[in-house]
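These notes concern the structure reproduced below.
The values are calculated or read from the model by the stated rules, or taken from the named source; none is laboratory data. Keep in mind it's a predicted model, so treat the numbers as computed, not measured. Neighbour counts are summed over all protein chains in view; Cβ atoms, including those assigned to glycine, are modelled from backbone coordinates with ideal geometry.
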Amino acid sequence: MKRRAFIGFAGWIMTNWPLALLAQQSDIKKRIGVLIARPENDAEGQSYRAAFQQALDLLGWRPGHNVEIDYRWTAGNADLADTFAKELIALRPDILLINSTASVIAARRIAGTIPIVMAAVADPVAQGFVQSLERPGSNITGFAVEEPEMGAKWVELLKEISPRVRHITAVFNPDSAPFARMFLPSIESVRASFSVELAITLVRNEDDVGNAIAAAARQQDGGLLFLPDSFLASRRDLIANLVAKQRLPAIYSHPSFVRNGGLIGYGFDRADIFRRAASYVDRILKGEKPSQLPVQMPTKFELAINLKAAQALELTIPPALLARADEVVE
């Protein structure tokens, strides 16, 4: 190569190489694995997905452009959580967004150093996922939901809407909600003051759910408390219909049950939690460490009441309770 030609080529390289490198970098995509503890066709689960993606879009992350997002749906099945966690990690994601305790347990066993952002996981300190809310201390951080004291609040609300209840059956699946027992001490602490007896019923499949509801109906002045549990929340239609057939007052820890015919629900806006989780995903993808991002608690509580369900049970809703409701289903 002649000297003049070489100098010209070298000059072109010096001028254009940074631009070529920048163009190449702009094509580099990040990968997010998302595990949601609802059926894929579930309206509530899809609201989580929409909230997360809308928030990501506002932060500049667009699927097919600079990020790929892989979704898996467990329907509250602990075995599927394990299977899909393995599938997502095999795709070599840069970060995982994990919904539900069973899914976090499954993912953290095999995630290695992959950052995990929790979305709507109960008391992650008590469950050993993080050292503290302020200093998670590992590759896991995110957004928590219920605290143990919530148990007492659910009993209070059930008695307020249905004062005649004297026997409460608390229901949960120990496989999908191993944390649920943490609510029992607070329930016990107020049981005497509300003059109620408490029974605990464990369910692992839909037949168990039907049997639990039927058994509660055989109790004089019985009522039901459905504890936080992705297995139960994934079967809202079935549960609300069975409870209605037995003409039982019931309170649900997921307000979404009320839209499916349930009487009263008190809990958190989980779509809002997914929306907020996008900010942590963004910050971690840009280089921040999960161990330096404090676990955040919910900011939006929801009280929902179904007037039609109350009418079917011949319940008169106290005006003060109705005034506090965030959502009233006609």
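Go through the stretch 31-58 and report how many residues are crowded, with 17+ Cβ neighbours inside 10 Å and in a loop (DSSP other than H, G, I, E, B).
Here the count works out to 4.
Looking only at the stretch 59-76, filter to residues that are over 14 Å from the mean Cα position of the chain (by Cα) and in a loop (DSSP other than H, G, I, E, B); which one of those is surrounded by the most Cβ atoms within 10 Å (Cβ to Cβ)?
It comes out as Trp61.
Of these, Ile251, Ile264, Ile273, which one is under 16 Å from Arg38 (Cα atoms) and of a type outside the set (S, T, N, Q)? Before you say what the answer is, go through the steps one by one.
Working: Ile251 fails: under 16 Å from Arg38 (Cα atoms); Ile264 fails: under 16 Å from Arg38 (Cα atoms).
Within the list Ile251, Ile264, Ile273, the selection yields Ile273.
Taking the options Gly261, Gly210, name whichever one is surrounded by fewer than 21 Cβ atoms within 10 Å (Cβ to Cβ), in the same structural domain as Thr169 (by TED's automatic domain parsing), modelled with pLDDT of 95 or more and at positive phi.
Just a single option satisfies the conditions, and that option is Gly261.
What tally of residues in the stretch 87-105 results from selecting those that are surrounded by 24 or more Cβ atoms within 10 Å (Cβ to Cβ) and touching a residue at least 40 places away in the same chain (Cβ under 8 Å)?
Total meeting the criteria: 9.
Just checking, does the stretch 287-297 include any residue being at pLDDT 95 or above and assigned to a strand (DSSP E or B)?
Looking for residues that are at pLDDT 95 or above and assigned to a strand (DSSP E or B), one finds at least one in the stretch 287-297, hence yes.
Hey, could you check the stretch 134-188 for residues that are surrounded by fewer than 23 Cβ atoms within 10 Å (Cβ to Cβ) and within 15 Å of the chain's Cα centre (by Cα) and say which is nearest to Met297 (Cα to Cα)?
Across the stretch 134-188, the extreme among qualifying residues is Val145.
Any residue that is modelled with pLDDT of 95 or more and out of contact with any strand residue (DSSP E or B) (no Cβ under 8 Å at 6 or more places or on another chain) - is there at least one of those in the stretch 27-41?
Step one: of the stretch 27-41, the residues modelled with pLDDT of 95 or more are 30-41.
Now narrow it down to the ones that are out of contact with any strand residue (DSSP E or B) (no Cβ under 8 Å at 6 or more places or on another chain): 41.
For the stretch 27-41, residues modelled with pLDDT of 95 or more and out of contact with any strand residue (DSSP E or B) (no Cβ under 8 Å at 6 or more places or on another chain): present.
Would you mention how many residues in the stretch 77-94 are outside any helix (DSSP H, G or I) and either under 26 Å from Val203 (Cβ atoms) or not assigned by TED's automatic domain parsing to the domain that holds Glu40 (or both)?
Looking only at the stretch 77-94, we keep the residues that are outside any helix (DSSP H, G or I), and these are 77, 91-94.
Filter again for either under 26 Å from Val203 (Cβ atoms) or not assigned by TED's automatic domain parsing to the domain that holds Glu40 (or both), leaving 77.
Going through the stretch 77-94 one residue at a time, the tally reaches 1.
Of the conditions (1) modelled with pLDDT of 95 or more; (2) hydrophobic (A, V, I, L, M, F, W, C); (3) part of a loop (DSSP other than H, G, I, E, B); (4) in contact with a helix residue (DSSP H, G or I) (Cβ under 8 Å, 6 or more places away or on another chain), Ala126 satisfies every one except a single condition; which number is it?
(1)
With the condition kept exactly as written, say whether any residue in the stretch 295-308 is closer than 20 Å to Ile36 by Cα and buried (at least 19 other Cβ atoms within 10 Å of the Cβ).
Yes.
Just name the residue that is surrounded by the fewest Cβ atoms within 10 Å (Cβ to Cβ) out of those in the stretch 107-123 that are hydrophobic (A, V, I, L, M, F, W, C) and assigned to a loop (DSSP other than H, G, I, E, B).
Ile114
Of the residues Glu40, Glu68, Glu44, only one is free of Cβ contacts under 8 Å to residues at least 40 places away in the same chain and farther than 15 Å from Leu97 by Cα; which?
Matching residue, one of Glu40, Glu68, Glu44: Glu40.
Any chance the stretch 143-151 includes a residue that's assigned to a strand (DSSP E or B), of a type outside the set (A, V, I, L, M) and either in contact (Cβ under 8 Å) with a residue 24 or more places away in the chain or over 28 Å from Asp282 (Cβ atoms) (or both)?
Yes: the stretch 143-151 contains one or more residues that are assigned to a strand (DSSP E or B), of a type outside the set (A, V, I, L, M) and either in contact (Cβ under 8 Å) with a residue 24 or more places away in the chain or over 28 Å from Asp282 (Cβ atoms) (or both).
Does Leu321 qualify as being in a loop (DSSP other than H, G, I, E, B) and either at pLDDT 95 or above or not polar (S, T, N, Q) (or both)? Please lay out each step first, then the result.
Details: in a loop (DSSP other than H, G, I, E, B): no; either at pLDDT 95 or above or not polar (S, T, N, Q) (or both): yes.
When the stated conditions are applied, Leu321 does not pass them.
Test Phe274 against the stated conditions and say whether it is at pLDDT 95 or above, in the same structural domain as Ala170 (by TED's automatic domain parsing), of a type in the set (Phe, Trp, Tyr) and not in a loop (DSSP other than H, G, I, E, B).
So Phe274 does not fit the description; no.
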